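Values in this text are rule-based calculations from the coordinates and carry no lab data. Values in this document were obtained by computation on a predicted structure and should not be read as measured data. We place every Cβ from the backbone using ideal geometry, glycine too, and count neighbours over all the protein chains shown.
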Amino acid sequence: MTSTTSDTPEPLRPQAGPVPHASSHLSVPFWRGCQAGELRYQRCGDCGRANFPPTEQCRQCLSAELRWERSGGLGDIYSWTVVHRPVTAEFRPPYAPAIVTLDEGYQMLTNVVGVAPEDLAVGMRVRAQFHAAGPDVTLPYFTGAP
């Protein structure tokens, strides 16, 4: 346990660690959406299911009829943890990786920031925000939603 000089825990913050990149043509619309301040995901034109991360075929029915849609950016925490001992020095602890279930029906692995670690909970409402992590990369993260 680490002691602090304050009784008020510091809210979690965006990280400046390793930056992902659009390694596949399939993910380019997602990353462009992040740069525009919006979450984008695929939806199947045949079965209607949300599809994320992007693929060439629907995970549910294997249709290739996938179209990009914009998410409202609201969801619930499905699962989370607080990391106090990162595996790389590029990440400053504590930070909270989480799986968020978006209202559109897909899940996303992300970070939750702006919330004290002890206030995180399964089912907590969160909303997407964006952090410019580099000249060509904007990362989504989530904060508490009203």
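How big is Rg to Rh over region 25-144, alpha-carbon atoms, Rh as the Kirkwood inverse-mean-distance radius?
1.00
Considering amide H positions built from the backbone, and no H for Pro or chain starts, which residues 5 or more places from L66, or on another chain, come under 5 Å of its amide H?
So L66 has HN proximity to G45.
Modelling each spin label as a point 7 Å along the Cα-to-Cβ direction, I'd like the A145/V122 distance in nm, to one decimal.
Computed distance between label sites A145 and V122 equals 1.9 nm.
Return the FRET efficiency for the residue pair A64, R85: r is the Cβ-Cβ distance, R0 is 35 Å, and the value is rounded to the nearest 0.05.
Plugging the Cβ-Cβ distance into 1/(1 + (r/R0)^6) gives 0.20.
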